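Below is one structure, written out as structure tokens; the observations come after it.
The values are calculated or read from the model by the stated rules, or taken from the named source; none is laboratory data. Since this is a predicted model, take the numbers as computed values, not measurements. Reconstructed Cβ throughout: ideal geometry from the backbone, glycine too, with neighbour counts over all protein chains shown.
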Amino acid sequence: MMEYLKVILKVFESIDSEKNEIGNLFPTELYNETWMLRLVLYWFNKDENKEKSFPGIPISIKTNSSWLSEGSLAPKFKGETHTKADGVYGNIKVGVNGYSNVTLAPGCKQFVVTESKMFSKYSSGTKNYSGYNQAARNIVCMCNIAAHEMHNIDDIAFFTLLPQSQLDKKKETFTVFTNKEHINKTVEDRIEKYKDDSQYEKLDTWHKSIFTPFLNKMEIKLITWEDVIRTICSNELESEPDYGRLLNEYYEKCLIHNQRNNNKSTGKKTSKNGDRHDRGVQLIYCKELFPNTCVHFSWKGSSCKIREYISEDKMLTHSVFSTDEIRDKKPEVKKEYKNSEREKADNTKWWYSEIQKFNNIVGC
């Protein structure tokens, strides 16, 4: 490894080090949706995974495709800046019309743009038009780039990856902005702003003859990070057999640090005294959250973690919720553990065995 890369690694490692007393780097510089997406696309782009399809997860990178983080997508409307795509994969080229600009290779068969989120929503608009939301903007840019190759492309899509908890809280916002009829109407309204402009007729024709067929051909989907992690854990590779577990550990830190950052930026107080609900470990059954399975639920103060054990040596941490959020769902508490049993919390095999007993009770 080149010497300066070793130093960069040390700087990142300082985030989790007790010696980082003065805070050399904010944790969200490392634990964020951008790096989470990079780690996911890296795995799907492994040679062993190329062309593979995975149940419930539409991400599949073709043999001749490549991926790029934070490439620039050229806008359709004048006076607007390029849109940064969190992730792009397919038969793409970079730097033809600018250093980071994404274009498509001749005969392109795959073109997918991915948006990644932790606790933010889609941005609602641009300086020129407040109703031109982030999802519609990405798709318009995609159409602008892909218009000449549209007849070749077999796989064209826009995916948003986000936490399950965020999808549950903001489901209406995410589902509305990714609804094709809503997107088409948003673009139509955007074009109406050019009603008195010489470009109007050309844009109107483009909308009807190019954009609408392009939109109809696309796959648009919301994907949770939890489902992606579960898929990776269930499809281990010989070259990196522990990747899913490590990715889940990284994701857990992303949730913790980004939730803290989100609470500070919004001025929300998570607890009056920092330990309002004391602490506890329970085994709960909540059909709404996790159908047909009991899960390990540990909480302290205003935050909690839910763990589902998928084997004797693997577990998934689904999310970090507020304790009140979980209690509002009124989960059925199957067992509450004593202090002596809480010490076994890090013993995955023991918890897996314990959960199996109760899963048999609920008929799983």
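Just wondering, is there one or more residues in region 117-127 that are in a strand (DSSP E or B), under 16 Å from F158 (Cβ atoms), among the charged types (D, E, K, R) and touching a residue at least 24 places away in the same chain (Cβ under 8 Å)?
Of all residues in region 117-127, those in a strand (DSSP E or B) come to none.
Among the residues of region 117-127, not one is in a strand (DSSP E or B), under 16 Å from F158 (Cβ atoms), among the charged types (D, E, K, R) and touching a residue at least 24 places away in the same chain (Cβ under 8 Å), which makes the answer no.
The number of residues in region 44-87 that are of a type in the set (S, T, N, Q), under 30 Å from S124 (Cβ atoms) and outside any loop (DSSP other than H, G, I, E, B) comes to 3. Exactly one residue out of Y89, Y31 is touching a residue at least 60 places away in the same chain (Cβ under 8 Å) and crowded, with 19+ Cβ neighbours inside 10 Å, and it is Y31. Within region 128-170, the set of residues being in contact with a helix residue (DSSP H, G or I) (Cβ under 8 Å, 6 or more places away or on another chain) and in a strand (DSSP E or B) comprises I156, F158, T160, L161, L162. Of everything in region 269-312 that is loosely packed, with under 11 Cβ neighbours inside 10 Å and among the charged types (D, E, K, R), the residue that is modelled with the lowest pLDDT is K272. Is it fair to say T103 is β-branched (V, I, T) and closer than 17 Å to T178 by Cα? When the stated conditions are applied, T103 does not pass them.
Scanning region 223-235 for residues that are surrounded by fewer than 17 Cβ atoms within 10 Å (Cβ to Cβ) and touching a Phe, Trp or Tyr at 6+ places or on another chain (Cβ under 7 Å) turns up just one, N235.
Checking the condition more than 15 Å from the chain's Cα centre (by Cα) and without any contact (Cβ under 8 Å) to a residue 12 or more places away in the chain, which residue from V187, V96, V102, V140 passes?
Working: V187 fails: without any contact (Cβ under 8 Å) to a residue 12 or more places away in the chain; V102 fails: without any contact (Cβ under 8 Å) to a residue 12 or more places away in the chain; V140 fails: without any contact (Cβ under 8 Å) to a residue 12 or more places away in the chain.
After ruling out the rest, the residue left standing is V96.
Hey, any hits in region 34-43 for a residue that's in a loop (DSSP other than H, G, I, E, B) and either more than 14 Å from K253 (Cα to Cα) or at pLDDT 95 or above (or both)? Give the derivation first.
Taking region 34-43 as the starting set, the residues that turn out to be in a loop (DSSP other than H, G, I, E, B) are none.
Checking region 34-43: not a single residue is in a loop (DSSP other than H, G, I, E, B) and either more than 14 Å from K253 (Cα to Cα) or at pLDDT 95 or above (or both).
Residues of region 236-268 that are polar (S, T, N, Q) and either at pLDDT below 90 or out of contact with any helix residue (DSSP H, G or I) (no Cβ under 8 Å at 6 or more places or on another chain) (or both): S239, N258, Q259, N261, N262, N263, S265, T266.
Filter region 177-194 for residues that are loosely packed, with under 14 Cβ neighbours inside 10 Å and either under 19 Å from E115 (Cβ atoms) or hydrophobic (A, V, I, L, M, F, W, C) (or both) and give the result. Break it down into steps so the answer makes sense when it comes.
Let us first name the residues in region 177-194 that are loosely packed, with under 14 Cβ neighbours inside 10 Å, namely 180-181, 185, 189, 192.
Listed by number, the list holds a single entry, K180.
Could you tell me which residue of region 171-207 is farthest from T160 (Cα to Cα), considering only residues that are touching a helix residue (DSSP H, G or I) at 6+ places or on another chain (Cβ under 7 Å) and not in a helix (DSSP H, G or I)? Step by step, filter region 171-207, then rank; the result is Y194. Condition (residue is in contact with an Asp or Glu (Cβ under 9 Å, 6 or more places away or on another chain) and among the hydroxyl-bearing types (S, T, Y)) applied to region 156-168: is it met by at least one residue? Yes, because at least one residue in region 156-168 is in contact with an Asp or Glu (Cβ under 9 Å, 6 or more places away or on another chain) and among the hydroxyl-bearing types (S, T, Y).
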